[in-house]
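Trainee: This is the structure I want to talk about, given as structure tokens.
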Amino acid sequence: MKKTALSAMAAVLAACGGSERAVSNDPFCQAVLPMVDAYLERVRSENPTPDDDRYGGTIVVGGYGEISDGMNAAVSGDNTATQHQNFVNLMTLIDYDERFEPRPYLAESWEMSPDSLEITFHIRRDVFWHDGQQTDAHDVAFTWDVVTDPLTAFPNAAFWDHWVHGPEGVEVVDDFTVRLHLTRIHADFLDPWRQTAILPEHLLGDVPRDSLRQHPFGTQCPVGNGPFVFNEHRTNERWVFDANPAFPASLGGRPFVDRYIYRIVPDQTTLLTELLTENVDVYISVIPDHAQSVLDDPALELKRFMQRQYIFVGWNSRRPQLADARVRRALTMGTDRESIVRSVVRGYGTVAHTGVPPFHWAFDPNAVEPLPYDPEAARALLDEAGWRDRDGDGVRESADGTRLSFVIKYNTNQTRQQVAEIMQSQLAQIGVEAQPQVVEYTTLMSQIQTPSLRDFDAIVLGWSADFKLDDTDLFHSERIDRPYAFSGTRNPEMDRLLEAISNTADREQAKELWTEYQAVLVAEQPYTFVYFPDRLDGVNRRVRNVVMDTRGDWVNVKDWYLDPASR
Amino acid sequence: MTRYVAGRVIGAVPLVIGIATIVFFAVSLAPGEPGILYIAPGLTQEVIEQMRANFGLDEPVYVRYVKWLGAMLTGDFGYSFSHSRPVLDVLLEFLPNTLLLSGCALLVAFVFGTVIGTLQAVRQYSLRDSAASVVLLFFYSMPSFWLALMLVLMFSLFARNVWDWPFWLPASGMTSTDHDFLSFGGQVWDRVVHLILPVVSLALVLTAGIARYMRASMLEVIRQDYIRTARAKGLSERVVVFKHAMRNSMIPIITLLGLQIPVLFGGTVFIETIFAWPGMGRAIVDAIGTRDYPLIMGGSFFFATIVVLANLVADVLYAVVDPRIRYD
């Protein structure tokens, strides 16, 4: 009896130990991974590690979620995924420098035709896919064809608004030269080529576009051409990447670390513990409540930069209470956004007045006269608009008896809940009844976005404020029956300016248009813009040379190195 | 016996299909769809429609149901939207992890629960009995996710950073990131230390429950005539309690174990999240959030099957431990 128990125990333990690298049994992976391994072995022997003590070691980064859709750049839209595609495993044609100006990456140079409707990219000749094939112009043309093919359902179709879609939009001039065609030019027309990584034609060329999403390339065996080579992916556990010794020297050569691991730790408190106990080197997206713990630990550093995102309260102007712009302005003036930033995100954010973020070239601190926090003026404005407390219950009514009362919906997210609750108490001071209500995210999205429903009065939400800004989907009256125009804004002046911005290439001119547009936006107040949140990352000081800024947390991951004494 | 088991297994098939059908329509009727995850200005209606088609959601729900049922009966659970892989692969990757976690927890809870309950019962109303009752009640009333976080704080964070213990436990994960480079013994040890906190968090609540039942059951048995006879024969108290009394008082516990399986799986959802354990519970909850219909369906099918089988095993074990029970 005892013997059986013991041998059973030994068998269990044996099964526990000795785990192998997780390799997918998919035929594509079975075919391609040995080629990657062979390539890596070859380039390792051809490119010995430079004699420098910065090389070597493993860096572990912890984040809350999976890399959704993995390295499949044609179907993903997730921030963590895009960063891993662009900075870790794959390459984009261009990237941005510290001032967010385009600089060569996979494309070593480019030139525009005199009429600005053609751009010719010259592709580097020293970049290889991790199975040994050279990356060339055909891969770029293929990627172009994939992302603009409606069957692929590339999630951010608006990227390509200014480009000629499909095969007509691209010509391969020679193996390392590719020309693309534009329909019109925009001040940030190159931005999509910073966002969208190039994919390998020789591996994905034959895959039907409508099933590209299911291809094992994404999450099981991606073959990139970037600074890190895919090693393994254990779902919901970790991704492992190895340094690519053949990464072009003129782009910095091989990464300093031997191995980069992305660990998925869904619980914030656990992730903080892992950072504090030095089991992970980086805690991505530290919540403001944890910032002090990171600051208090001398071994750690808190990185802080402005995210490409803003938090706002969207008003449904179809509702009688919210139809008048004066009411919406009064709601903004009755909300102390400074105090929201102080209490909700502990000061790790900047009050927003429009959706143009302070890091953007179109931002002008003097562009708009911001609506101040002024409850007195807010009350006067509501009086003027005809909303008075006629029955003495503390809530204003219009002449026909409609109460100035509405529901603020938010999804299960503590920050947004707090924004809704603070507004409830502050707006009560000016005679407005706001009732917070929580709704599950996916359900909430279909309630507000479905044009026939628009089942909301007000909603706390966040949008990304990317380098290429465009509010057309949000506020242009032509889009009013489209999902994102849930505010129901109709303002001919805004329509005109949005169109003009979209057709202006010159940044100086565009900036003036943005200034004009923002003035109208502030008067119209389709949203109460609340704040631009800061991104916080906790980094162990043994990791050196870490740059994290608005471009991303991983922007120079290939240049990170470990303090030799700590390895 | 064989006939009984065969009958139960055949009876389980419509039950599991019925559960899966209810889940199918429940998730299909819930608002939202997987494409919503990509929602951002710039995602056009046309793209959403195409995504829907690529996900195979452009057909009416009853057509999808018939197709899904047909495919499932041939062992094809479809593609997970969020993991871009066949559902079966995803589940087979997670299932062993969840079974390891919940199996260890069940074992720990069973051993400690029965022993504590027995020790309480043989000295009813003693200080030991009352103290154990208070402690057990405390753990029984605590939500397991809170307990889990406290254990992480104590045995991982404070043990290492504040109290300077020579040994502390990893806060999360199934293995260390350098697991592959460890020796065989090191790998086994690495697995074991990663199991301790999640298993303890999951087992504590369960142990408390089992101990309560065990105490009650033991109290009943210990007053039986045959126990008095055993004592009168001059057997030592140890033999009387652990050989004669304990065996018989375990009969209700076996049934209890069968009933605890669904509770256990419910508990793994939180524990897997807190300890970053790549298991089924967490995967299915994530799948509900992302409206990954095939994974929700596949996962609930697996869970339903396991629960039905566990109950069957409990019933069979019942007959094994109690020869008076016969299924004929």
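Trainee: Which count do you get for residues in the stretch A:111-139 that are under 17 Å from A:ASN89 (Cβ atoms) and open to solvent by less than 10 Å² (accessible area, probe 1.4 Å)?
Mentor: Residues flagged as under 17 Å from A:ASN89 (Cβ atoms) and open to solvent by less than 10 Å² (accessible area, probe 1.4 Å) within the stretch A:111-139 amount to 5.
Trainee: Quick check on B:MET154: is it under 30 Å from B:ALA216 (Cα atoms) and surrounded by fewer than 17 Cβ atoms within 10 Å (Cβ to Cβ)?
Mentor: No.
Trainee: Still on this model: Let me spell it out: the conditions are (1) farther than 30 Å from B:ALA283 by Cα; (2) open to solvent by 50 Å² or more (accessible area, probe 1.4 Å); (3) of a type outside the set (Ser, Thr, Tyr), and B:VAL111 meets all of them except one. Which number is the exception?
Mentor: Only one criterion in (1) farther than 30 Å from B:ALA283 by Cα; (2) open to solvent by 50 Å² or more (accessible area, probe 1.4 Å); (3) of a type outside the set (Ser, Thr, Tyr) is unmet by B:VAL111, namely (1).
Trainee: What residue, among those in the stretch A:475-525 that are among the acidic types (Asp, Glu) and open to solvent by 40 Å² or more (accessible area, probe 1.4 Å), is nearest to A:ARG318 (Cα to Cα)?
Mentor: By that ranking, first place goes to A:ASP481.
Trainee: Follow-up. Just the residues that are more than 8 Å from chain A (Cβ to nearest Cβ) and open to solvent by 50 Å² or more (accessible area, probe 1.4 Å), please, taken from the stretch B:160-210.
Mentor: Answer for the stretch B:160-210, where residues must be more than 8 Å from chain A (Cβ to nearest Cβ) and open to solvent by 50 Å² or more (accessible area, probe 1.4 Å): B:VAL162, B:TRP163, B:ASP164, B:TRP165, B:PRO166, B:PHE167, B:PHE181, B:LEU182, B:SER183, B:TRP189, B:ILE196, B:VAL200.
Trainee: Additional query: Before we move on, is A:ALA385 at pLDDT 95 or above and closer than 30 Å to A:PRO288 by Cβ?
Mentor: no
Trainee: Anything in the stretch A:275-301 that is β-branched (Val, Ile, Thr) and either more than 9 Å from every other protein chain (Cβ to nearest Cβ) or touching a Phe, Trp or Tyr at 6+ places or on another chain (Cβ under 9 Å) (or both)? List them, or say none.
Mentor: A:THR277, A:VAL282, A:ILE284, A:VAL286, A:ILE287, A:VAL294
Trainee: Just to be sure I understand, how many residues within the stretch A:406-452 are crowded, with 19+ Cβ neighbours inside 10 Å and under 27 Å from A:TRP387 (Cα atoms)?
Mentor: Qualifying residue count, the stretch A:406-452: 16.
Trainee: For the subset of the stretch A:143-158 comprising residues that are out of contact with any Lys or Arg (no Cβ under 8 Å at 6 or more places or on another chain) and open to solvent by 30 Å² or more (accessible area, probe 1.4 Å), which member is farthest from the other protein chains (Cβ to nearest Cβ)?
Mentor: A:ASP145
Trainee: Would you check if there is a residue in the stretch A:425-439 being of a type in the set (Ser, Thr, Tyr) and at the interface with another protein chain (Cβ under 9 Å from one of its Cβ atoms)?
Mentor: For the stretch A:425-439, residues of a type in the set (Ser, Thr, Tyr) and at the interface with another protein chain (Cβ under 9 Å from one of its Cβ atoms): absent.
Trainee: Within the stretch A:164-184, is even one residue within 21 Å of the chain's Cα centre (by Cα) and crowded, with 21+ Cβ neighbours inside 10 Å?
Mentor: So far as the stretch A:164-184 goes, no, none of its residues is within 21 Å of the chain's Cα centre (by Cα) and crowded, with 21+ Cβ neighbours inside 10 Å.
Trainee: May I pose another question? Being out of contact with any strand residue (DSSP E or B) (no Cβ under 9 Å at 6 or more places or on another chain) and either under 22 Å from A:ASP69 (Cβ atoms) or aliphatic (A, V, I, L, M) (or both) is true for just one of A:VAL147, A:VAL172, A:VAL140. Which residue is that?
Mentor: After ruling out the rest, the residue left standing is A:VAL147.
Trainee: Going by what's in this entry, would A:ALA157 be described as small (Gly, Ala, Ser), without any contact (Cβ under 8 Å) to a residue 40 or more places away in the chain and out of contact with any Asp or Glu (no Cβ under 6 Å at 6 or more places or on another chain)?
Mentor: Against the criterion (small (Gly, Ala, Ser), without any contact (Cβ under 8 Å) to a residue 40 or more places away in the chain and out of contact with any Asp or Glu (no Cβ under 6 Å at 6 or more places or on another chain)), A:ALA157 qualifies.
Trainee: Answer with yes or no whether A:ARG390 is among the charged types (D, E, K, R) and assigned to a loop (DSSP other than H, G, I, E, B).
Mentor: yes
Trainee: Looking at (1) within 14 Å of chain A (Cβ to nearest Cβ); (2) in contact with a helix residue (DSSP H, G or I) (Cβ under 7 Å, 6 or more places away or on another chain); (3) not polar (S, T, N, Q), which is the only condition B:TRP68 fails?
Mentor: Among (1) within 14 Å of chain A (Cβ to nearest Cβ); (2) in contact with a helix residue (DSSP H, G or I) (Cβ under 7 Å, 6 or more places away or on another chain); (3) not polar (S, T, N, Q), B:TRP68 violates only (1).
Trainee: Would you check which residues across the stretch A:442-470 are facing chain B (nearest Cβ under 8 Å) and among the charged types (D, E, K, R) and list them?
Mentor: A:ASP470, the sole residue that qualifies.
Trainee: Please find, within the stretch B:81-94, the residue that is nearest to the other protein chains (Cβ to nearest Cβ) out of those that are open to solvent by 30 Å² or more (accessible area, probe 1.4 Å) and of a type outside the set (Asp, Glu).
Mentor: Applying the filter and picking the extreme gives B:SER82.
Trainee: Go over the candidates B:PHE155, B:PHE265 one by one and state the one that is at pLDDT 90 or above, within 28 Å of A:THR235 (Cβ to Cβ), touching a Phe, Trp or Tyr at 6+ places or on another chain (Cβ under 8 Å) and not polar (S, T, N, Q).
Mentor: Exactly one of B:PHE155, B:PHE265 is at pLDDT 90 or above, within 28 Å of A:THR235 (Cβ to Cβ), touching a Phe, Trp or Tyr at 6+ places or on another chain (Cβ under 8 Å) and not polar (S, T, N, Q), namely B:PHE155.
A quick yes/no check of all residues on (1) open to solvent by 60 Å² or more (accessible area, probe 1.4 Å); (2) more than 8 Å from chain A (Cβ to nearest Cβ); (3) not polar (S, T, N, Q):
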| site | (1), (2), (3) |
| --- | --- |
| B:THR21 | no, yes, no |
| B:VAL27 | no, yes, yes |
| B:ASN54 | no, no, no |
| B:TYR62 | yes, yes, yes |
| B:TYR79 | yes, no, yes |
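Trainee: What do you reckon, is B:LEU295 away from chain A (no Cβ under 14 Å) and of a type in the set (A, V, I, L, M)?
Mentor: No: the conditions fail for B:LEU295.
Trainee: Something else about it: Within the stretch A:185-215, track down each residue that is more than 22 Å from A:VAL88 (Cα to Cα) and assigned to a loop (DSSP other than H, G, I, E, B).
Mentor: A:ILE185, A:HIS186, A:ALA187, A:ASP188, A:PHE189, A:GLY205, A:ASP206, A:VAL207, A:PRO208
Trainee: For the stretch A:526-560: of the residues being part of a strand (DSSP E or B) and touching an Asp or Glu at 6+ places or on another chain (Cβ under 8 Å), which is surrounded by the fewest Cβ atoms within 10 Å (Cβ to Cβ)?
Mentor: Out of the qualifying residues, it is A:ARG544.
Trainee: I've got another one for you. Which of the helices (runs of 4 or more DSSP H) found entirely inside the stretch B:216-317 contain at least 3 residues meeting this: in contact (Cβ under 8 Å) with a residue 24 or more places away in the chain?
Mentor: Qualifying helices (runs of 4 or more DSSP H): B:246-249, B:251-274, B:280-289.
Trainee: Going by what's in this entry, would B:ASN97 be described as buried (at least 20 other Cβ atoms within 10 Å of the Cβ), part of a helix (DSSP H, G or I), within 14 Å of chain A (Cβ to nearest Cβ) and not acidic (Asp, Glu)?
Mentor: Answer is yes for this residue.
Trainee: Look through A:GLY401, A:GLY386, A:GLY394 and report the one residue that is open to solvent by less than 30 Å² (accessible area, probe 1.4 Å) and of a type outside the set (D, E, K, R).
Mentor: Being open to solvent by less than 30 Å² (accessible area, probe 1.4 Å) and of a type outside the set (D, E, K, R) holds for just one of A:GLY401, A:GLY386, A:GLY394, which is A:GLY386.
Trainee: Sticking with this structure for a sec: Among the residues of the stretch A:253-274, which ones are facing chain B (nearest Cβ under 10 Å) and within 20 Å of A:ASP563 (Cβ to Cβ)?
Mentor: Result: A:ARG259, A:ILE261, A:GLU274.
Trainee: Scan (1) at pLDDT 95 or above; (2) closer than 30 Å to A:ASN413 by Cβ for the single condition A:PRO483 breaks and write down its number.
Mentor: It is condition (1) that A:PRO483 fails.
Trainee: Same structure again: Which condition number does A:GLY226 fail, the rest of (1) away from chain B (no Cβ under 14 Å); (2) open to solvent by less than 20 Å² (accessible area, probe 1.4 Å); (3) more than 24 Å from A:ASN545 (Cα to Cα) being met?
Mentor: Failing condition for A:GLY226: (3).
Trainee: For the stretch A:61-71, how many residues meet the condition of being in contact with a Lys or Arg (Cβ under 9 Å, 6 or more places away or on another chain) and either more than 10 Å from chain B (Cβ to nearest Cβ) or surrounded by fewer than 24 Cβ atoms within 10 Å (Cβ to Cβ) (or both)?
Mentor: Within the stretch A:61-71, residues that are in contact with a Lys or Arg (Cβ under 9 Å, 6 or more places away or on another chain) and either more than 10 Å from chain B (Cβ to nearest Cβ) or surrounded by fewer than 24 Cβ atoms within 10 Å (Cβ to Cβ) (or both) number 2.
The values are calculated or read from the model by the stated rules, or taken from the named source; none is laboratory data. Owing to the predicted nature of the structure, the values given are computational and were not obtained by experimental measurement. Note that each Cβ is placed from the backbone with ideal geometry, even for glycine, and that neighbours are counted across all protein chains shown. Side chains are part of the model used for accessible areas, which takes the heavy atoms of the whole protein and leaves out ligands, DNA and RNA. Shrake-Rupley method; radii C 1.70, N 1.55, O 1.52, S 1.80 Å.
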